[in-house]
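So the structure is just underneath, and the comments pick up after that.
Derivation of every value follows stated rules applied to the coordinates shown; laboratory data play no part. All values derive from a computational prediction rather than experimental measurement. No Cβ is skipped: glycine too gets one built from the backbone with ideal geometry, and neighbour counts run over all protein chains shown.
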Amino acid sequence: MSDTTILLVEDEVQIRRLVRTALEDEGHHVLECGTLKEGMAHLHADTIQLLILDLGLPDGDGIAFIRELRTQFPLSVLVLSARSAEGEKIRALDAGADDYLTKPFSTGELLARVRAQLRRLPQEGAPAETHFHFGDIEVDLAQRNVTRNGELVRLTPIEYRLLCAMLAAPGKVLTYRHLLRAVWGNAFVESNHYLRIYVSHLRQKLEDDPAQPRFFVTETGVGYRLDI
Ligand code: CA
């Protein structure tokens, strides 16, 4: 058994059973409940690394719940919801969710997303990471240096800032608004076309096949995710 505790807040008993079994087969310790009130009680009573949260719950809306718990608990939040509209995903991610999976989902995809979230949990006492290695790419934030197969890759200051903003949260879905604010500042949060251009520059410079990106993944209508 791993030392990871996952809390599942979901009012549909069948989905709960399915998700719980899949997570326990991976060796995780799972707590479950069907209301936000019980969920909050678990957050206060137990040390939880990952919350898997349905949005439509009998005693309230999951998005307000995310906003509330974000101020108190340092854990990853994966939303599992039947709401598939892009606006809902963006609301949940902007409220502080780390990832979003739409029902119906496959347990294979759920487990992959759970693994991605658990990989990015901070290791206790470890310094913030400054060195990243993915595919042929190495990034050394301390030296401000990006290489591909050992050759220096020249990035413009904007491209480098965008790469850093994405490296700050690998595996997390980052909304357009979040990235625009991080790279260009508050005045540019509506300028989605800037992002499209600069993400495509990074793909040209860092992906083997920029048309089929492996690392700089588009979350359609929502934003981007760095899959490393
Ligand atoms: Ca529900």
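Observations on the model:
- Charges were assigned to the Cβ only: +1 to each Lys and Arg, -1 to each Asp and Glu. The resulting dipole of the chain about its Cα centre is roughly 720 debye.
- If you run the Gaussian network model on the chain, springs between alpha carbon atoms under 10 Å, then out of Leu78, Leu152, Leu180 the most flexible one is Leu152.
- Simple Cβ-charge dipole of region 131-226, Lys/Arg +1 and Asp/Glu -1, about Cα centre, in debye nearest 20: 320 debye
- Cα-based equivalent ellipsoid of region 131-226: semi-axis lengths in Å, sorted from largest, via gyration tensor: 21, 15, 12
- Surrounding net charge for Gly221, when Lys and Arg each add one and Asp and Glu each subtract one, Cβ distance under 12 Å: -2
- Note on region 1-92: antiparallel DSSP beta bridges, both residues inside, total approximately 15 percent of the bridges counted.
- Across region 46-138, the fraction of Cα-Cα pairs farther apart than 18 Å, rounded to a whole number, is 52%.
- According to the Kirkwood relation over distinct C-alpha pairs, the hydrodynamic radius of the chain is 18.7 Å.
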